[in-house]
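> Sharing a structure below in structure tokens format, with a few things to ask.
The values are calculated or read from the model by the stated rules, or taken from the named source; none is laboratory data. This structure is a prediction, so every number in the text was calculated from the model and none was measured. For neighbour counting, all protein chains shown are included, and Cβ atoms are generated from backbone atoms with ideal geometry for every residue, glycine included. All accessible areas refer to the heavy atoms of the entire protein, side chains included, with ligands and DNA or RNA removed. Shrake-Rupley method; radii C 1.70, N 1.55, O 1.52, S 1.80 Å.
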Amino acid sequence: MRAGSTEKKIEALLKELTLEEKARLVHASEYFRSGDVPRLGIPKITMSDGPMGVRNDFYPADWHPVGTTADAVSYLPCNSAIAATWNKELARTSGSVLGREARGRGKDMILAPGINIKRNPLCGRNFEYMSEDPCLIAEMVVPLIEGIQENDVSACVKHFACNAQEWERLWVNVELDERTLREIYLPGFEAAVRRAKTYGLMGSYNLVRGEHGSQSRFLLTKILREEWGYDGLVVSDWGAVHDTRAAAESGLDIEMGVTPDFDDYFLGRPLIEAVRKGEIAEAEVDKKVRHILRFMLRVRLIEIVQKEQKNGKGKMVAVPVADRDPGYYNGDIMHRYAKETAREAVILLKNEKHRLPVRPSQTRKLLVIGENANHLHANGGGSGEIKALYEVTPLMGLAREYGGNTEVKYVPGYYVPARLATDASWQEDSTAELMTDTKRRDGRKYDAREKALIKKYRDEAVALAKEYDDVVIVGGLNHDYDVEGMDRKDLSLPYGQDELIKAVLAVNPRAVVVMMAGSPVDMRAWKDDAQAILWMAYNGMEGGTALAEVISGTVNPSGKLPESLPAEFAQTPAAVCGDYPGRKLRAAEKKVMNAHLTQTFKEGVFVGYRYYEKFGVPLQFPFGHGLSYTEYKYSGLKVSKAPGALFEVQVKVKNTGHVSGKEAVQLYVGEKTVSEENPVKELKAFDKVELQPGEEKTLSFTLTERDFSHYCNEENCWKRMKGRMVIYVGASSADVRLKKEVTLS
Ligand code: GLC
């Protein structure tokens with residue numbers, strides 16, 4: 001369909017609509033559907049969460065699940081896990097699974113991926129986001145969205161923007177300078193819009209510079225629409241709209257919500273009245289309708305045709321597209337892709353004395369300690385929850401991987417109180433004034449029975465650990481702590497895990513420790529005692545399989561940290577520079593914004609490793625870190641002029657070990673003499689390469705002007721650095737293997 005004809009058809013159909021009908025299209029008619037205009041064949045847009053799979057179905061206006069057996073789906077690794085693979089192809093295949101299953105479930109838009117910067121390790125939703133680094137996010141979000149949108153379904157990249165905490169998420173106003181915004185918080189979204197051509201985007205709950213993200217003229221009109229030329233669909237977060245005029249005159253298209261009074265939403269009856277009174281121009285509504293109709297055409301939900309009428313006049317109507325992709329879900333290929341991604345998302349943090357792998361032929365008795373070995377995570381976390389067709393736990397994975405010649409014994413090791421009965425309607429009050437964390441957190445005191453269980457579990461684990469040569473402890477967090485609507489209080493491990501892990505290592509120093517978590521935890525109590533530590537975020541339906549295959553050596557781990565692992569919140573930039581959870585509003589602020597508190601990103605661009613490296617803050621493990629069962633030798637770094645770019649960088653990587661493996665090679669850039677306002681170095685490119693033992697490959701990267709530029713607040717533009725620069729190539733941000741100086745005139 002030629003662009004011209006498309007736009008003409010949209011205009012022609014738009015002309016047929018009354019104001020009331022246009023208003024129906026721009027706000028929800030159900031919790032996960034927009035409004036329709038049956039008279040003209042314009043259907044509802046059907047949406048569904050979330051980043052880890054297609055969420056179970058709800059009734060149109062009731063937050064209780066429909067509860068049939070038909071909406072169990074593939075449960076993918078979370079966005080933090082996908083990022084941990086550093087494998088762009090796996091981002092694409094994960095997107096294709098998500099998109100194909102969404103279509104197969106009859107959806108038009110999947111509310112994914114979440115790509116907010118992991119600025120604050122306390123943020124409850126960090127597991128739904130990718131990284132602290134904008135380059136890693138941008139390079140992974142593009143193939144992921146492209147994979148989704150191959151299936152006549154739309155992605156919905158979220159939450160635009162600066163949604164970095166759950167505490168008072170609807171009412172926290174974020175203040176940050178332009179350079180920080182453009183160098184850290186926007187690039188992932190800019191790549192999603194300008195490179196991946198996302199058809200959908202979701203505004204955020206929080207305010208940015210005094211405007212709520214889902215009705216922000218600055219974010220949605222000035223930056224998204226005008227600067228980036230985005231002509232796709234923008235939906236609000238659910239209940240994130242607070243004002244008719246602001247919503248009408250911003251780049252928002254559809255207001256979604258968590259209450260069933262749909263026609264009374266700000267873009268419902270109030271909008272019609274405001275237009276009727278001449279307070280809001282109908283042209284603003286028309287802009288939204290154009291985006292909505294264009295969206296419908298892009299996902300092939302409709303085509304627009306002329307229908308002959310009895311009076312011989314033609315009328316434009318929307319009709320379904322006969323050969324629209326039907327999608328498919330729960331296919332073997334989906335489970336295989338989930339497994340491939342999970343395998344490369346497992347990160348080997350430490351492996352002294354070649355403790356790992358533990359070959360099945362080497363052990364007849366394997367003790368598995370830790371409730372997280374037996375815990376099903378899929379159905380937690382908030383709106384990202386998934387009704388998984390199945391979920392292989394670490395225990396299941398290990399039992400299967402080691403087979404019948406190895407006795408695999410399980411003990412919980414630590415006590416996890418049953419999750420407080422989270423009523424399925426938690427989302428109905430999820431936009432309540434202030435989310436308290438008593439509802440869904442093990443915040444209560446333990447009773448005598450529970451205290452006895454804690455002691456019993458620990459004693460039996462320690463006693464057994466003495467008898468077993470091979471012990472695997474699986475601990476970490478779960479979705480009582482990595483969860484929407486709440487932030488953690490600190491980085492400590494819950495349920496007394498530190499005491500357990502220390503006690504087990506004291507009697508069996510060979511015990512392997514596995515941490516499952518969507519954000520950093522404090523491992524100082526036992527990290528130095530453990531010989532081997534593995535890390536994985538919520539790793540999907542085959543997470544247990546992947547973990548077991550890494551432990552047994554079937555899979556050589558290749559995951560690398562997509563975020564730094566600080567030991568405590570007090571060390572982080574959000575604590576040292578920022579004023580988390582936010583300061584009270586000043587009188588002047590109260591006059592101009594509907595907020596409860598202001599959080600200033602005073603650390604500026606010094607987020608994650610940019611901060612820790614600049615200020616020499618010791619970390620448990622650095623950004624980009626991940627070991628392998630083999631070794632890689634980097635050599636032959638060459639930098640040459642590149643046509644159409646600044647530099648072409650080539651490097652050789654050789655597998656000098658005895659097992660095949662994959663290595664994520666990272667390229668950073670920084671000034672030779674680092675000026676005060678700049679990070680020491682910043683990730684600008686990466687690639688992952690598979691190498692057989694002894695095999696060597698050459699990787700090449702292109703560096704552009706932008707890679708050597710910073711945003712200048714004073715002049716409000718990008719400015720390229722000058723003078724001596726250093727190009728670093730390494731296995732992590734803290735493991736530079738080669739570097740080369742260049743001069744920028
Ligand atoms: C939630 C989340 C958003 C989700 C939406 C629908 O509040 O913030 O990520 O897609 O509402 O459940």
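> Kyte-Doolittle cut-off 0.5, length cut-off 15 Å along the helix's own axis using Cα: show which whole DSSP H helices in the chain pass.
134-148, 497-507
> So, one more: So for the stretch 630-744, averaging the separation of alpha carbon pairs under 8 Å that are six or more residues apart and normalising by length, what relative contact order in percent results? Mind dumping the intermediate values first?
Details: 255 pairs, mean separation 31.8, N = 115.
RCO, the stretch 630-744: 28 percent.
> May I ask what percent, to the nearest 5, of DSSP beta bridges between residues of the chain are antiparallel?
Just about 65 percent of them are antiparallel.
> Please calculate how many Å² of accessible area the chain carries per residue, with a 1.4 Å probe and no DNA, RNA or ligand atoms counted.
36 Å²
> Here is a further query. Place a +1 charge on the Cβ of each Lys and Arg in the chain and a -1 charge on the Cβ of each Asp and Glu, then give the dipole magnitude about the Cα centre in debye, rounded to the nearest 20.
Rounded to the nearest 20 debye, it is 1220 debye.
> While we're looking at this one, here's another question. Mark the label point 7 Å from the Cα of Thr743 along Cα→Cβ and return the residues of the stretch 688-724 whose backbone N is within less than 12 Å of it.
Answer for the stretch 688-724: 723-724.
> Still on this model: Apply 1/(1 + (r/R0)^6) to the Cβ-Cβ distance of Arg269 and Lys590, taking R0 = 30 Å, and write down the FRET efficiency to the nearest 0.05.
After rounding, the FRET efficiency stands at 0.55.
> Using a Förster distance of 51 Å, how high is the FRET efficiency between His64 and Lys722, based on the Cβ-Cβ distance and rounded to 0.05?
Calculated value: 0.25.
> With each label point set 7 Å from Cα along the Cα-Cβ vector, what nm distance links Arg364 and Arg510?
Modelled inter-label distance: 1.4 nm.
> Per 0.36 nm of contour for each residue apart, how much would the distance between Asp243 and Asp323 grow if the chain were fully extended, relative to their Cα-Cα spacing? Show your work: numbers first, answer last.
Details: separation 80, 0.36 × 80 = 28.80 nm, distance 4.00 nm.
Gain in length upon complete extension: 24.8 nm.
> OK, next. Which of the lysines could be linked to Lys8 by a straight reach, that is with a Cα gap under 28 Å, when you skip same-chain ones fewer than 8 residues away?
Lys22, Lys44, Lys107, Lys197, Lys222, Lys287, Lys288, Lys307, Lys310, Lys313, Lys315
> Would you mind checking the stretch 664-692 for residues with the amide N under 12 Å from a putative spin-label position 7 Å along Cα→C-beta of Glu178?
Nothing falls inside the zone, counting backbone N under 12 Å.
> Further question on the same structure: How large, in percent, is the carbon and sulfur part of the accessible surface of the stretch 630-744 at a probe radius of 1.4 Å?
46 percent
> For Thr259 and Glu308, what is the calculated FRET efficiency with R₀ set at 41 Å and r taken between the beta-carbons, to the nearest 0.05? Please report the intermediate quantities before stating the final value.
Working: r = 42 Å, r/R0 = 1.03.
It comes out at approximately 0.45.
> Can I ask one more? Let me have the 222 nm mean residue ellipticity of the chain computed from DSSP H runs of 4+ only, each contributing -39500 (n - 2.57), with the sum over all residues rounded to the nearest 500.
Numbers: 17 runs with 178 residues, N = 745.
That comes out to -7000 deg cm²/dmol.
> Right, another one. Which three numbers, in whole Å and largest first, are the semi-axes of the equivalent ellipsoid of the chain derived from its Cα gyration tensor as √(5λ)?
After scaling each eigenvalue by five and taking roots: 42, 31, 26 Å.
> Under a crude label model (7 Å from the Cα following the beta-carbon direction), how far is Thr704 from Asp529 in nanometres?
5.1 nm
> Cross-link list Lys339/Lys560; Lys353/Lys697; Lys118/Lys662; Lys118/Lys684: which exceed 20 angstrom alpha carbon to alpha carbon? Don't skip to the end; give the middle numbers.
Working: Lys339/Lys560 17 Å; Lys353/Lys697 29 Å; Lys118/Lys662 25 Å; Lys118/Lys684 18 Å.
Table pairs above 20 Å Cα-Cα are Lys353/Lys697; Lys118/Lys662.
> Could you order Ser94, Ser640 by accessible surface area, starting with the largest, using a probe radius of 1.4 Å?
Ser640, Ser94
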